[in-house]
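The values are calculated or read from the model by the stated rules, or taken from the named source; none is laboratory data. Just so we're clear, the structure is a prediction, and the values are computed from it rather than from any experiment. When we count neighbours, we look across all protein chains shown, and the Cβ atoms used for this are built from the backbone with ideal geometry, even at glycine. Remember, those area values only see protein heavy atoms, side chains included, never the ligands or the DNA or RNA. Shrake-Rupley method; radii C 1.70, N 1.55, O 1.52, S 1.80 Å.
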Amino acid sequence: MTPIRRQYLKVKHSFPDAILLFRMGDFYETFDDDARVASKELEITLTSRSMGKNVKVPMAGVPAHAVESYLAKLVKRGHKVAICEQLSVPDSSKGLVERDVVRVVTPGTVLESSLLDQKVNNYLAAVVLEGDSAGFAYADVTTGEFAAAQLDRSQLPLELERISPSEVLSPETDAPDSDEGFPDHAGQFPTEVDYTYFELETARRALLDHYGILSLESFGCEHLPLAVRAAGAILLYLRDTRRTGKLHLLNLGVYSTAGFMDLDVNTRRNLELFTAGRNDRREHSLLATLDQTRTPMGGRLLRRWLGQPLLDLEELERRLDAVSYFFNDAFRRAGAGSALSKVPDLERILGKIKAGVVAPRELIALKAGLDAVPELLEQLSRDISASVEPEADSSSFPPSSSRTHRLPREGGGRGHGRGTKPPDVDSRLRGNDELDSGNDELDDGNDELDGGGDKSGGGSDELVGNNGLDEREGMAWLCRQLTPLPEICELIDRSIAPEPVGNPGEGNVIREGFSPELDALKHDSQNARSFIAGLEQTERERTGLRGLKIGYNQVFGYYIEVSKSNQSQVPDNYIRRQTLVNSERYITPEIKEYESLVLNAKERIEEMERSLFRQVCEQISESGEVISRLAGAVAMVDVFVSLAETASANGYLRPKLDHGRVISIKNGRHPALERLLDRGTYVPNDLYLSNDDARIVLLTGPNMAGKSTFIRQAAIIVLMAQVGSYVPASEATIGLVDRIFTRVGLQDDLTTGQSTFMVEMVETAAILNQATPRSLVVLDEIGRGTSTYDGLSIARSVIEHLHNDQRLGCKTLFATHYHELTELAGTLPGVRNFTVAVTEEDGDVVFLHRIVPGGADKSYGVHVARLAGLPQGVVNRAWEVLADLEDTQNSKRKSGRRRSPKAADLQMPLFDPARAVADEVKALDIPNLTPLEAINCLYELQRKARELTGSS
Ligand code: ADP
Ligand code: MG
């Protein structure tokens, strides 16, 4: 075995489950099984390399300069990649180059910008389960966010969904059922880690050591063992993956979910918060509709806020105040916007500085961003009477006069929950007393933190308001967080070349004048270079040899080349080194002297520049907490400006929020859909829901009328209001809701056809079991996934249950095409019938998209089929069948054969359904169908066939 093989095996031994990228010169090589995997995943050639007598090992390599894109591929496929670097300068005299792993890259720990989505956090999460409780922690190593919570186990899927981690750690275990409680999660990469990482003492110790503290009480988690275990495991895992550089983690934010609205997977999807439509495209989502943020931090914050609506009225009012502040002044909005657009990703740049992987030009970007802060401040503080002088110590808050308000923050920090169990749901909303006392408790905790000086991200987002109504006060607070940091600007300005080229060490990064020593070295090296460069000319003149050339190669260094024919004229001081076919190569003592000057200087310049760069980074790191806080404040301003901008561009209005029992919306619109339609063509609609009378809105109407749109729009408006955004309506009073439930019956959508009737029922059951009087339940076409009778019966009994169950009492929007259900309003006093107005013109239906009181009298299914382009033969036949059916029904009614009125409404007279399906198939105009239409037809036919045979 060659020494290098031995070295490789030794390193590999410590990273058995990672693909080891082993640096050899200008390449990263992989060997053995790693090489097989890499060659397949990366589509690179698998070769082999001899590594000792009769030792030939598979090998596949990638060029070092392009490693990032290869790394991205591997990590995206869920591989762990260990990067092994050369740690000493190759030098033939010293034997083998020292090598070791500097970093293990996993989906949850990447730092490379090309692997990250600018406006999306990349989270690593950890989960530990015990009985009915769960410990949950997550960190974004690129921004330093770090949070933990102790939850009810049932809450875990919601938190996992909210955080959408790229990687989830859980304790290694033999029990196969240990992944209980993990929902299927797109992109989730489960990693089992050493069980001991999750042990309380180990985890606790790791946290105490990392933060250099003696008790976890300051984070408020000393008494939350599961939260500590999850957080500690993250820390230990990160330490394993990051072998050099510092870990960039802000203070651990311990939170409770009690202050937030729970949003389950279905609701996120059905309301299209982050992706929309069949292809899960981002551009038509609610986020894309609202997002006008200019900084990556702002983008990420808005995303977090949208995924975590609030229940706290005061906090919401404060957010709305801040939005109003920019909404009411277009000039200020534009000014702040232009300042914001100069700010780069402060959070991630800081993370890279700490990890030691920052690029010089990112420091220049950092400086440009810091330079923009005074400009931003100016826009914010125009006409603010309060002092906006940045305060040296932000812990002087809260000032004595007013009570502390906190600007709502995502994730950590808001943890007023002191136990795993959230307070009972009603008190989450009404019981402000309880919440308040919780807050006081937290404030105490924070004062303790403050004692420690700076508090960064973890718990700093506090806002002092004057009864929560003075928007300028809020801005004054934000302004105080926007510390300009001129000394860092000055440092970067002085030390880094204005347009740095390449990496530190290549000589073009440190600015001239920063280090006289470096300048002198560069100067000498430059002199020596120009001496050598001039040598060709001087030697030609001296010797009279016109063909004389100066060259350089790795083996001899600089040499003088003279053609064979001119040998006789070579001066005495030339020393021959090499004979070629047509020429001889020489050196001189003088040339060697300058050569060593150049080469030594090069090495020393490299070393010095690297070390200077490191020092600059370290100095910036020292202000890390201030930069973090600044980044947090910039993000918030960015989100407020963005929300104000969207609101102003689309004619939104500030909602009135209260703890009341009413949701009342005038001229509400669907924010994403209205943007897709021509301006002014979206039909606005009103909604009134109240726990006291109109608790259930039953919306009937034909397909394509706008039912789904209307009920979703209501839920979206409520959600937007509880994020702190303006809403698309001309008037909105929102009694805060604790949770929005949505369930959409068998999707119209083919691509999501996996949803089975069973799933639909399971989810409906979950809603019926969990909703409270404060919940908003949105049910769309429940019962569609089965035969008509079954479906009608289920839909009906669900409504009855929602109405009659004493405990439930939730507000409900129920859309259905079963117009037979409208009669329920007659017997259930809380049910209100609404329908979507439709007119008929020359036999064509026209959907008005206007919601009006009353029920639909027929379903217009055949009209819709015609509009959709179903072949005329099919449509005509359908009309025939329909006429028959109606006739039969009418004659039955007349002949008094109705059994009971209710049953009669559910009744569908007999006809031969198989015949109808066969007719439909016969009438198909196959050559003229597009593939999509064909699939749709097939799907529809299958559905009918199943209905016939009674299976779903
Ligand atoms: P339904 O659920 O009744 O079948 P949808 O809510 O899916 O109907 O709406 C069908 C289509 O009608 C939508 O895709 C949209 O283009 C249009 N639409 C719905 N509501 C409105 C509205 N208020 N204004 C304008 N167009 C609307
Ligand atoms: Mg619908």
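Structure summary
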| item | result |
| --- | --- |
| Lone unmet requirement of (1) more than 16 Å from ligand 1 (Cβ to nearest atom); (2) touching an Asp or Glu at 6+ places or on another chain (Cβ under 8 Å) for GLN770 | (2) |
| Which listed residue, of GLY108, GLY61, GLY135, is farther than 30 Å from GLU172 by Cβ, touching a strand residue (DSSP E or B) at 6+ places or on another chain (Cβ under 8 Å) and surrounded by 23 or more Cβ atoms within 10 Å (Cβ to Cβ) | GLY61 |
| Residue list for segment 334-355, filter: touching a residue at least 40 places away in the same chain (Cβ under 8 Å) and over 24 Å from the mean Cα position of the chain (by Cα) | GLY335, ALA336, ALA339 |
| Residue match in segment 704-720 (condition: surrounded by fewer than 22 Cβ atoms within 10 Å (Cβ to Cβ) and away from ligand 2 (no atom under 16 Å from the Cβ)) | no |
| Residue among LEU71, LEU46, LEU42 that alone is of a type in the set (A, V, I, L, M, F, W, C), at pLDDT 90 or above and touching a Phe, Trp or Tyr at 6+ places or on another chain (Cβ under 8 Å) | LEU42 |
| Residues within segment 818-841 that are open to solvent by 20 Å² or more (accessible area, probe 1.4 Å) and either of a type outside the set (Gly, Ala, Ser) or in contact with a Ser or Thr (Cβ under 9 Å, 6 or more places away or on another chain) (or both), tallied | 13 |
| Answer residue from segment 643-658, given it is out of contact with any Leu (no Cβ under 8 Å at 6 or more places or on another chain) and in a strand (DSSP E or B) and is nearest to ligand 2 (Cβ to nearest atom) among those | LEU653 |
| Subset of segment 585-622 (residues that are open to solvent by 40 Å² or more (accessible area, probe 1.4 Å) and among the polar types (S, T, N, Q)) | SER596, ASN600, GLN615, GLN619 |
| Qualifying residue in segment 581-592 (condition: part of a helix (DSSP H, G or I) and touching a Ser or Thr at 6+ places or on another chain (Cβ under 8 Å)) | no |
| Matching residues, segment 281-295, being open to solvent by 10 Å² or more (accessible area, probe 1.4 Å) and either in contact with a Cys (Cβ under 6 Å, 6 or more places away or on another chain) or at pLDDT 95 or above (or both) | LEU287, ALA288, ASP291, GLN292, THR293, ARG294 |
| Single residue of segment 710-731 satisfying the filter (part of a loop (DSSP other than H, G, I, E, B) and among the aliphatic types (A, V, I, L, M)) that is farthest from ligand 1 (Cβ to nearest atom) | VAL723 |
| Filter pass, GLY791 being within 16 Å of ligand 1 (Cβ to nearest atom) and either open to solvent by less than 20 Å² (accessible area, probe 1.4 Å) or over 22 Å from VAL862 (Cβ atoms) (or both) | yes |
| Of all residues in segment 37-58 being in a loop (DSSP other than H, G, I, E, B) and among the charged types (D, E, K, R), the one that is surrounded by the most Cβ atoms within 10 Å (Cβ to Cβ) | GLU43 |
| Segment 769-804: number of residues that are closer than 26 Å to ARG946 by Cβ and away from ligand 2 (no atom under 16 Å from the Cβ) | 12 |
| Checking ARG319 against (1) outside any helix (DSSP H, G or I); (2) in contact with a Gly (Cβ under 8 Å, 6 or more places away or on another chain), the condition it does not meet | (1) |
| Set TYR28, TYR70: member being among the aromatic types (Phe, Trp, Tyr) and open to solvent by 40 Å² or more (accessible area, probe 1.4 Å) | TYR70 |
| Test set (1) in contact with a strand residue (DSSP E or B) (Cβ under 7 Å, 6 or more places away or on another chain); (2) free of Cβ contacts under 8 Å to residues at least 60 places away in the same chain - PHE331 fails condition number | (1) |
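Condition check ((1) open to solvent by 20 Å² or more (accessible area, probe 1.4 Å); (2) aliphatic (A, V, I, L, M); (3) more than 16 Å from ligand 2 (Cβ to nearest atom); (4) under 25 Å from the mean Cα position of the chain (by Cα)) across all residues:
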residue	(1), (2), (3), (4)
THR681	yes, no, yes, no
GLY701	no, no, no, no
GLU731	yes, no, yes, no
PHE741	no, no, yes, yes
